[in-house]
Every structure is written in C-alpha cells, then in structure tokens.
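A.B. asks: The structure's right below; bear with me while I get my questions together.
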Amino acid sequence: MCRECGAVYTVTDLAQEFCSPFCRVAWNNRARLRGAKLYEAVMTWRVLRQPGGFAAVTALVSDFLDEDRAAGRRWRPRTFNPKTGRRERRK
Ligand SMILES: [Zn+2]
C-alpha cells in the first residue's frame, strides 16, 4: 500500500513503499519540510528548557495530522526497513 495515496499495488520490489515516483517525491518533500520545522521546535525545547516547551512540538504534529486529514491523507507507518533493505513483517 502506497504511503502517500494509499493505493494498493502489485509488489515487485520488497523495498517499494510508494505506487509511483510522484507519490514518493510528494511524501519526501513534505517529510523534509515538516522535519525542518520539528528540528527547530525540538532544539528550542531542548536548549531553552522552558516549562511546557515540548507543547510546541506536539502542537506541530497535531497541525501535520490536521493538514493530512484535510487533504484526505492518512499516516501509514514505514514497511521498508532501511537497515536491512527488507520489508518489515506486518503485525
Ligand atoms: Zn501513491
């Protein structure tokens, strides 16, 4: 199942996580953008050590989930383990 659009595809490569290059690029671009925002929030929380500082991190994640819901996307966990190059077993 594609991590971006949820399409079910025939698996020819065990490491395949997306149905198309379009979905892979869209997912990775969003992950980079969100990662940069999270980096800033986590570093600020850790370095400044202000009470309640982690709330900014969880608020960001909530925003991401709201964005995904509005766009009809759903978070799908990684099935590809980059360390082994193999698909994880489904639980
Ligand atoms: Zn897709």
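A.B. asks: Is it the case, given these coordinates, that residue 87 is away from the ligand (no atom under 16 Å from the Cβ), modelled with pLDDT under 90, surrounded by 11 or more Cβ atoms within 10 Å (Cβ to Cβ) and of a type outside the set (S, T, N, Q)?
C.D. replies: Yes: the conditions hold for residue 87.
A.B. asks: Scan region 15-26 and report the pairs whose first residue is over 17 Å from residue 74 (Cα atoms) and whose second residue is open to solvent by 30 Å² or more (accessible area, probe 1.4 Å) and not charged (D, E, K, R), with Cβ atoms within less than 7 Å and a gap of 6+ or a chain change.
C.D. replies: 15/80; 15/85
A.B. asks: Another question about this same structure. Which ones in region 45-69 are more than 14 Å from the chain's Cα centre (by Cα) and in a helix (DSSP H, G or I)?
C.D. replies: The answer is 45, 46, 47, 48, 54, 55, 56, 57, 58, 59.
A.B. asks: Looking at region 1-9, can you tell me whether even one residue there is at pLDDT 90 or above, surrounded by 13 or more Cβ atoms within 10 Å (Cβ to Cβ) and within 16 Å of the ligand (Cβ to nearest atom)?
C.D. replies: Looking for residues that are at pLDDT 90 or above, surrounded by 13 or more Cβ atoms within 10 Å (Cβ to Cβ) and within 16 Å of the ligand (Cβ to nearest atom), one finds at least one in region 1-9, hence yes.
A.B. asks: Right, something else. Can you give me the number of residues within region 14-53 that are within 16 Å of the ligand (Cβ to nearest atom), among the charged types (D, E, K, R) and open to solvent by 80 Å² or more (accessible area, probe 1.4 Å)? Reasoning before the result, please.
C.D. replies: Here is the first cut: in region 14-53, the residues within 16 Å of the ligand (Cβ to nearest atom) are 15-31.
From the residues that got through so far, the ones that are among the charged types (D, E, K, R) too are 17, 24, 30.
If we keep only those that are open to solvent by 80 Å² or more (accessible area, probe 1.4 Å) as well, we get 24.
Count: 1.
The values are calculated or read from the model by the stated rules, or taken from the named source; none is laboratory data. Just so you know, these numbers come straight off a predicted model, no measurement behind them. Positions of Cβ are backbone-derived with ideal geometry, glycine not excepted, and every protein chain shown enters the neighbour counts. To get the accessible areas, we keep the full protein, side chains included, count just its heavy atoms, and leave off ligands, DNA and RNA. Shrake-Rupley method; radii C 1.70, N 1.55, O 1.52, S 1.80 Å.
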